[in-house]
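I'd like to ask you about the structure that follows.
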Amino acid sequence: MGLPAAKGYAFRQRVRLCDPEKPSWQEPSPCTARNLQRVTLLDWFKQANHGLQQGLVEQFDASIGRSTVLFPYGGRYQASEEAVSAQTLPMDGGSSTASLLAYGFRPELADISPYLMGAYSTVEAVSVLVAAGADPAHIYLSCQEYFRRLDQQEEAWGEVLQALLGSLDAQDAFTIAAIGGKDSMSGSFEKWHVPPTLVNFGVAAVPAADVLSATLPPLRAGQTLNLYYLPHQPLANACPDYAALRRLYKAFHAMQATGTVAAASSERPGGLAVTLAKMALGNRVSLRLSEECADLELLNNAPGGLVYASFLPPEELPEEVGSVTRLLLAKSDAQVDGIAWNENVLTTFDEMQAALGWAYNRVFPPLGAENREDCSLSKDVLTGQACAPKKLTANSEEFCADKKDNLNPENSKGLCMDGAKGFASALPHLSSGNRSEGPVHVLLPVFPGTNCEFDTAEAFRAAGADCEMLLIRNLTPEMAAADLRSFLKKLKRSQILALSGGFSFGDEPDGSAKFIVNFLKTPAVTAAILEFVREDGLVLGICNGFQALLKSGFLPYGNPDQQCTDSPTLFFNQQGRHISRMARTQLCTDPGRSPWLDGLCPGQIDIVPVSHGEGRFLVSEAEAQQLFARGQVAFRYVDEHNRIAESAPWNPNGSAYAVEGLISEDGHILGKMGHSERVREGLFKNIPGIGVQKIFANAVRYCRQRKIQS
């Protein structure tokens, strides 16, 4: 083999190619719907290559950027794994075009045949993208290779050659070239070596509206969902049947264009059984396997096939599939708890959730699976007084809308205009000086570590406001003093002050938002904000901003001078780690109490992203009683049945009294942990019921009405 050397000259290397072993899908297997045993299936789910990694994924911010089309784990229970990353392009105001990113690699093939490993890495990357809605004719690849140290070892060089040939053959068959890429030949330590590794990353651009989720949608009463299987049968030598795959992907893309595909997934590692389980878990859509697939292998399936869901029965499906084999794999069945064949339940949802998480949950337990104390026993770190949510939740009607008034998220996306008079008409006019000129102006100070300012600005701009960011520098005392003066000047021209989320100074030392708190408690800044609020200005703090408002005393008191050692605070999450997921919250005060809430419906349920390490609200019982009595608890975490959530995963951080957000007594200051600014239409397509929380529109409308009156 002749190769160009790094210094520009060529050299030759002898290689030895090894005969491949048979992959598992070529071996006879009894694992069909007709004879599959529950214990066999659950043991299969427990294998690491098939497992769910929710506890690991939750530690990475998956909603930042106001661009996430598919959350990593979809569904009401956030348990259906998505194999593709889907993000809209980063443009001012958002974009309707999504970028899809997927990878392909089957480690079990690496030792069997580096050639097949390279080939199926390409096949899998392409199949994942096609299942997510990509046009197979417009997919691009990049490779990542990792091999043992080569030296002059003929067999080691042979592994590299076989893997590259496998990938190149697949690229040639799909007419897709790999651009760029990275390689490493240093995967050796003494006698240990990495297996031959060639990972293919695939990218594609598609309209965000066309992105398909692998999460089966929730079903209404009387609906039936049909799951269809487009299988890939490799050639006799175990190589991909590229001609068949090209027809399959072209046909599926045409099928998707008809709008009849409700969800789709490539065949995941672990075969059809794992694929079905992962698709169904998110919304717990029960499935009954069809007679048509009674003798179909469920565990050892070759990569490349597709599974898709449609509400149409087979006889009503469009003909776009053409000559491609299509099998009715399963139907939804509300009488089943999990996946069943005839009257035999192969696995329940609880069993598959536990088994699929078995390999990773011991190391990275997902939210709700950790050993935890009940949040009703939370201790206030400042006072040592025990919090007892049950004492309040037993009489929650005293502080929150009655449960019969709870609204489903699907019905609460618009403004509720039939309520009380509303905040804007209820308050007397207060002079705003030169704030009455021009559009509603939002001031967004940006501190070291702030990372949500662009998302927050976009949310306000979408509501019709004009936003201005001000960088607060701290490199020198002179810079800090200059930026403080600039802040005071700009605040006088603003109607809204917004403190965005992030990790101020990396949440160091010993806790979050200390730099922002010190800034807010500077006497000149404190006085300016107090005057700003007295003159009808509005203040918002989200996540890190909420931490700053609470730890400075602007919440819940409206004045830092009232803060004491017994005041509420936000502390490290009960799980002791960062949490990124979706939370259900309920409006728990009269919306007329605050311009931020005015227009929301009493008891309204919203689904909002949370992403924080220190979001656990702690408060003494006496102070909690006062907050509820004054109507200052704006939002609380609720569970799937809209009941106050006392523990994870519905109460994601272990907050006492399930508090997610507070308002000041006059309603002008709102602080909350949930990132309402990250949600816009077309995002989080795999989270049922999510919608835009109208707090930004409410605030801008209020300020605009004030400007008109002035």
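The values are calculated or read from the model by the stated rules, or taken from the named source; none is laboratory data. Treat the numbers as computed from the prediction; the structure is a model and nothing was measured. When we count neighbours, we look across all protein chains shown, and the Cβ atoms used for this are built from the backbone with ideal geometry, even at glycine. SASA here: full protein model, heavy atoms, side chains in, ligands and nucleic acids out. Shrake-Rupley method; radii C 1.70, N 1.55, O 1.52, S 1.80 Å.
With a cut-off of at most 12 other beta carbons within 10 Å, and DSSP calling the residue loop, which trypsin sites (Lys or Arg not before Pro) in region 163-241 qualify? Please list them.
Here the sparse-neighbourhood loop sites are Lys191, Arg220.
How large is the convex hull of the Cα atoms of region 1-154 per residue, expressed in Å³ as a whole number?
Normalising the Cα hull of region 1-154 by residue number yields 226 Å³.
With N set to the number of residues, divide the alpha-carbon radius of gyration of region 445-598 by 2.2 N^0.38 Å and report two decimals.
Rounded to two decimals, the normalised Rg is 1.05.
What percent of all Cα-Cα pairs in region 141-252 falls into each 5 Å bin, going from 0 up to the bin containing the maximum distance?
Using 5 Å bins, I get a P(r) of 2, 8, 14, 15, 15, 14, 11, 8, 6, 4, 2, 1, 0, 0 for region 141-252.
Using a 10 Å cut-off on Cβ atoms, rank the peptides 260-270, 513-523 from the highest mean neighbour count down. Walk me through the intermediate numbers first.
On the way: 260-270: 22.7, 513-523: 19.2.
The densest-packed peptide leads the list: 260-270, 513-523.
How about region 143-208: which GluC sites (Glu not before Pro) there are in a DSSP loop, with at most 10 other Cβ atoms within 10 Å of their Cβ?
Passing sites in region 143-208 are Glu190.
Continuing with the same structure: Counting Lys and Arg as +1 and Asp and Glu as -1, what is the net charge of the other residues whose Cβ lies under 15 Å from the Cβ of Ser188? Present the calculation step by step, with values, prior to reporting the outcome.
Numbers: positive: Arg148, Arg149, Lys191; negative: Glu145, Asp151, Glu155, Glu159, Asp183, Glu190.
So the surrounding residues net to -3.
Still on this model: Measuring from centroid to centroid over Cα atoms, what is the spacing of region 15-92 and region 210-224 in Å?
Taking the Cα centre of region 210-224 as reference, the centre of region 15-92 is 19 Å away.
Full-extension gain between Gln13 and Ala205, please, as 0.36 nm times their residue separation minus the C-alpha to C-alpha distance. Provide the component values of the computation, followed by the final result.
Working: separation 192, 0.36 × 192 = 69.12 nm, distance 4.02 nm.
Stretched fully, the Gln13-Ala205 segment lengthens by 65.1 nm.
Right, another one. By how many degrees, 0 to 90 and rounded to 10, does the Cα axis of helix 154-174 deviate from the longest principal axis of the chain?
Result, in degrees: 80.
Could you tell me which of the pairs Lys278/Lys685; Lys250/Lys278; Lys490/Lys694; Lys490/Lys521; Lys278/Lys331 are separated by over 21 angstrom between their Cα atoms in the structure shown? Before the final figure, lay out the partial values.
Working: Lys278/Lys685 17 Å; Lys250/Lys278 25 Å; Lys490/Lys694 26 Å; Lys490/Lys521 18 Å; Lys278/Lys331 15 Å.
In this structure, Lys250/Lys278; Lys490/Lys694 exceed 21 Å between Cα atoms.
Follow-up. Leaving out ligands, DNA and RNA, and with a 1.4 Å probe, what % of the accessible surface on the chain is carbon or sulfur?
That share works out to 53 percent.
Note the full-extension length gain between Asn344 and Gln626 as 0.36 nm times their separation in residues minus their Cα-Cα distance, in nm to one decimal.
So the chain would gain 96.0 nm between Asn344 and Gln626.
Along the Cα→Cβ direction, 7 angstrom out, place labels at Ala257 and Lys22. What is the inter-label distance in nm?
Between Ala257 and Lys22, the label points sit 4.1 nm apart.
Here's a follow-up. Please report, in Å, the Rg and the Dmax of the chain, where both are computed over Cα atoms only.
Cα only, the chain: 28.2, 88 Å (Rg, Dmax).
Setting aside same-chain residues fewer than 8 positions from Lys46, which aspartates and glutamates have a Cα under 19 Å from its Cα?
List returned: Glu81, Glu82, Glu108, Glu267, Glu297, Asp350, Glu351, Glu370.
Next question. Rounded to the nearest 10 degrees, what's the angle between the helix 242-257 long axis and the longest principal axis of the chain, both from Cα atoms, 0 to 90?
Long axis of 242-257 versus the principal axis of the chain: about 30 degrees.
Within region 128-221, report the chymotrypsin sites (Phe, Trp or Tyr not before Pro) that DSSP leaves as loop and that have at most 12 other Cβ atoms within 10 Å.
Numbers: sites: Tyr140, Tyr146, Phe147, Trp157, Phe174, Phe189, Trp192, Phe201; in loops: Phe147.
When the chymotrypsin sites (Phe, Trp or Tyr not before Pro) of region 128-221 are filtered for loop state and at most 12 Cβ neighbours within 10 Å, nothing remains.
Still on this structure: Output the peptides 441-451, 323-333 sorted from most to least packed, where packing is the average of other Cβ atoms within 10 Å over each peptide's residues.
Numbers: 441-451: 21.6, 323-333: 18.0.
Highest to lowest by the protection proxy: 441-451, 323-333.
So, one more: Let me have the relative contact order for the chain, percent, based on Cα pairs under 8 Å that are six or more residues apart.
Computed over the chain, the figure is 15 percent.
Got a sec? Charge dipole of the chain, +1 on Cβ for Lys and Arg, -1 for Asp and Glu; which of Val638, Gln563, Gly93 is way out at the positive end?
The residue sitting most towards the positive pole is Gln563.
I need two numbers for region 556-710: Rg to one decimal and Dmax as a whole number, Cα atoms only, in Å.
15.6, 49
Now a separate question. Given a Förster distance of 30 angstrom, what is the FRET efficiency for Thr325 paired with Leu168, based on the Cβ-Cβ distance and rounded to 0.05?
Numbers: r = 28 Å, r/R0 = 0.93.
Efficiency computed from Cβ-Cβ geometry: 0.60.
Grab every C-alpha pair in region 33-96, bin the distances at 10 angstrom width from 0 up to the longest one, and report whole percents.
With 10 Å bins starting at 0, P(r) equals 17, 36, 26, 13, 7, 1.
In whole percent, what relative contact order does region 601-674 give with Cα contacts below 8 Å and a gap of six or more residues?
Values: 92 pairs, mean separation 24.6, N = 74.
Answer for region 601-674 is 33 percent.
Then there is this: Would you tally the net charge around Gly671, using a Cβ to Cβ cut-off of less than 11 Å, leaving Gly671 out, and scoring K and R as +1, D and E as -1?
+1
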